[in-house]
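The values are calculated or read from the model by the stated rules, or taken from the named source; none is laboratory data. Note that the structure is predicted; figures quoted are calculated from it, not measured. When we count neighbours, we look across all protein chains shown, and the Cβ atoms used for this are built from the backbone with ideal geometry, even at glycine. These accessible areas exclude ligands, DNA and RNA; they are computed on the full protein's heavy atoms, side chains included. Shrake-Rupley method; radii C 1.70, N 1.55, O 1.52, S 1.80 Å.
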Amino acid sequence: MNQPPSRSLESEGLAFFGIVTASISHELKNVAAIINESAGLLHDLSVGAQAGRKPLDPARVMKLSADIVRNVERSVSILNRMNRFAHSVDEPKQTVDLFALCRDTMALAARAAVSRGIELIDELPNQTAPIPSFPFGLYRLLYQAIQIAVLDVQGKPSVHLSATLAPTLVRVQLRRDGSLMCTEEHRTRREAIEKLMQALGGCVRIDENMPDAMGVQLELPTS
Amino acid sequence: MERDEKVLLVDDEVEFTSVLAERMQARGLTVDTAASGVEALEKMEGGSRYDVVVLDLAMPGMNGMQTLERLMALNPDMQVILLTGHATLQDGIRAVRMGAREVMEKPADLSELLQKISEAKLDKIMLIEKRMEEQIQEILNAKGW
């Protein structure tokens, strides 16, 4: 972890930035759609009451208002995540809470996983894991690791993300049921992970020969 | 305008489908909802009939494209409108090639969606009538009339 990411990694990073921001914009559209319909229903109910067709039910109005507030909060949470991701390129190297970054990356990758019919399950420890690293590189590494874990899943469609914190290293593990078919996409992603890990000064192990499961293990130094 | 379309809304955002369904029902449509592609197919295979299916793309279990493929295999006359926050241009082209008639982005304007549902139902009726006419013509031809 002595060198910042190389120029080629940076140009590949631009493509990654595009994928993630597109995914975030799609998420926001979903939330906007719920707010739009809830506000529309409030309008419908008000028009109906004004016309004397049906009196306004205060409980119904309060529920719809609460739904709108909750979805505004959901959108703020997505925007905060986007903000943290966008600022990950500000400082090449800084102290990062790896577990928090793992959770952000899971959220960023969740819809892409869902599109493949796969659920991401958070089994990360409820603690912080500060490490000195390159946050944008970490986002890319973890995103690629999730992507490789969601490739060609057979069997139970879920990927479990867990981690352990030792004095000198943090170990992040992704595990899923269903063996891995070695495709071109898999090879490309594997190479990307290895290249990123080399730049980040850690090591990676991808267990792809287990009969009914596959796993990705990422080890990063804590100092 | 009196409306009588039967619509199935398929989306894992249950909050979205329940509110949209209520708004559509208030406008005279008969609306059913499904929280997944699997549930949608189960309803159709169980005998439920719809004029139009409004389908999301990104759903757990079976995604929108897979659901679309299965729906079209089950009923090639089915009118499917994709309503999604996740569509790219490529997704849209692929969906239309697979048989979807429209791709709409969330958040959608309700009157525009209702207009497209109305057009979809009319097209479905015309398709069925055309098919019936062809069958009648085949029978007449076979009998030499």
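Among the listed residues B:GLU102, B:GLU112, identify the single one that is among the charged types (D, E, K, R) and surrounded by fewer than 19 Cβ atoms within 10 Å (Cβ to Cβ).
Matching residue, one of B:GLU102, B:GLU112: B:GLU112.
Which count do you get for residues in segment B:1-32 that are in contact with a Leu (Cβ under 8 Å, 6 or more places away or on another chain) and either farther than 17 Å from B:LYS106 by Cα or open to solvent by 60 Å² or more (accessible area, probe 1.4 Å) (or both)?
10
Just to verify a result, which residue in segment A:1-31, among those that are among the small types (Gly, Ala, Ser) and surrounded by 16 or more Cβ atoms within 10 Å (Cβ to Cβ), is modelled with the lowest pLDDT?
A:GLY13
Identify the residue in segment B:36-76 that is of a type in the set (S, T, N, Q) and closer than 15 Å to B:LYS6 by Cβ and, among all such residues, is surrounded by the fewest Cβ atoms within 10 Å (Cβ to Cβ).
Quick first cut of segment B:36-76, residues of a type in the set (S, T, N, Q) only: B:36, B:48, B:63, B:66-67, B:75.
With closer than 15 Å to B:LYS6 by Cβ added as a condition, the list becomes B:48, B:75.
Values: B:SER48: 13, B:ASN75: 15.
The qualifying residue surrounded by the fewest Cβ atoms within 10 Å (Cβ to Cβ) is B:SER48.
Quick one: would you say B:GLU112 is of a type in the set (Asp, Glu) and more than 14 Å from chain A (Cβ to nearest Cβ)?
Here the answer is no, as B:GLU112 does not meet what is asked.
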